[in-house]
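Remarks on the structure that follows.
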Amino acid sequence: MGHVREQIHVDAPIEAVWELGTDPQRMVEWQSGLVEVKDATGKLDRVGAAYSPVFRFAGRKLEGHFEVTRIEKPNLVEERGTTPGGGKGTSTLKLERSGSGTDVTFEIDYDLPGGFFGGIADKVFMERQIERDIKHSNENFKALCEAKVPANA
């Protein structure tokens, strides 16, 4: 099983960060490799909300399905998901007030399809790729959240 954890500080109020983080239609604006979100049941601010992200990976489209399994508004969203071939994962977005901004922690635990060979592929190259994608996604997320905050006059 792979595990990635990334923390960032966003200079925006927790409410603005929550709003962007629970809007599946805006995910394509910040998530690296995401090309489309299908079948969203609305905002991801309640248990049972679901969506199907479509990623481009190695020149191919890969569609998954994710469902919200835990909510603590405005501090936590946990999702569980699957991908074709048996891939699965659990992601957690944690938000914590920090001064006038928000500390954001994103964690994902995942199993790649392919059993033993999937595990080898993960250690050889996938884990680093996933870490890079999450880091880039978090940088995009931070920029979008901070862009919504008006400058002090």
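What follows is calculated from the coordinates using simple rules that are stated; it is not laboratory data. Because the structure is predicted, anything quoted here is derived from the model rather than measured. Note that we place each Cβ from the backbone using ideal geometry, even for glycine, and neighbour counts take in every protein chain shown.
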* Structure fact -> the stretch 18-61, convex hull of Cα, quarter of hull surface, nm² -> 3.2
* Pull out the extension gain between V28 and D103, defined as 0.36 nm times the separation in residues minus the alpha carbon to alpha carbon distance; nm, one decimal. => 24.8 nm
* Set of aspartates and glutamates near K135 by C-alpha distance (under 15 Å), chain-local residues within fewer than 8 positions excluded -> E6, E29, D103, E107, E127
* For the stretch 1-50, which trypsin sites (Lys or Arg not before Pro) are both in a DSSP coil and crowded by at most 16 other Cβ atoms within 10 Å? -> K43, R46
* Over all directions, average the projected area of the Cα convex hull of the stretch 2-147 and note it in nm². => 8.0
* Structure fact -> Mean separation of Cα contacts under 8 Å (at least 6 apart) over the residue count of the stretch 2-147, i.e. the relative contact order in percent, is 29
